[in-house]
Amino acid sequence: VACLDIGHAEMRGLNSSAVGLIKALGNKRLKALHIHDNDLHYDSHQIPFSMKIDFNAVVKALKEIGYDGYFTLEADAYLSAFSNENIFDGMKNLCNSARKLADMFDNL
């Protein structure tokens, strides 16, 4: 089975897209996701919905293949902007972005 890194799939110059890879892998092979956002050029590992990846298209493709795997965030660079005093705020933001993705998926 495969784990698809959404951010890596969307980086220009790689001649790929997350939507294309989701459809190519299908539900039989795709069982996990590393989800993060970027500017389509650099592997920024930022919180979903903060940069340029079209998560509406990604979620729609996941729904189309009947995805039943895991949604995992890989937005570690996003958390590097937080200190020990406010890291909980960063974690709440990540939780909210994951919930938004799950809600988008559930409501399609």
- Message: Being open to solvent by 60 Å² or more (accessible area, probe 1.4 Å), over 17 Å from residue 100 (Cα atoms) and at pLDDT below 95 is true for just one of 81, 24. Which residue is that?
- Response: 81
- Message: Out of 66, 90, I need the residue that is under 20 Å from residue 21 (Cα atoms) and more than 16 Å from the chain's Cα centre (by Cα). Which one?
- Response: 66
- Task: Filter the stretch 47-85 down to residues that are among the β-branched types (Val, Ile, Thr) and part of a helix (DSSP H, G or I) and give me whichever is nearest to residue 12 (Cα to Cα).
- Result: 58
- Task: Please tell me if residue 75 is in contact with a Ser or Thr (Cβ under 9 Å, 6 or more places away or on another chain) and open to solvent by less than 30 Å² (accessible area, probe 1.4 Å).
- Result: yes
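The values are calculated or read from the model by the stated rules, or taken from the named source; none is laboratory data. Computed from a predicted model, the values in this text were never measured in an experiment. Because the Cβ atoms are built from the backbone with ideal geometry, glycine has one as well, and the counts that use them run over all protein chains shown. Ligands, DNA and RNA are stripped out before the accessible areas are found, and what is left, the full protein with its side chains, is counted by its heavy atoms. Shrake-Rupley method; radii C 1.70, N 1.55, O 1.52, S 1.80 Å.
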